[in-house]
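Have a look at the structure below, then the notes.
The values are calculated or read from the model by the stated rules, or taken from the named source; none is laboratory data. Quantities reported herein were computed from a predicted structural model and do not represent experimental measurements.
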Amino acid sequence: MFSLCMRGFSPGTPWSAHGKEQLKLRDRLQRHAFEEIVHQYNRLLEKVDLQAVLSERYQVDKYDVTQGL
């Protein structure tokens, strides 16, 4: 099996530098996209938690009103 260096692709060639830059760019773009997804997911979880608290509070208030407190 030939290594890339044996085929003329050494770590210092312009081809490998271009490849590295393309991979770095792809990684930055994907990282940004996933960071946004995680941020939106966290906001969704916060809203779900708030909804659960408000729903529970509403049920307690509703119970208090029906009990005449």
- Of residues in region 1-56 being among the small types (Gly, Ala, Ser) and part of a helix (DSSP H, G or I), the one modelled with the lowest pLDDT: Ser16
- Scan region 57-69 residue by residue and report those that are of a type outside the set (Gly, Ala, Ser) and either outside any helix (DSSP H, G or I) or within 23 Å of the chain's Cα centre (by Cα) (or both). Leu69
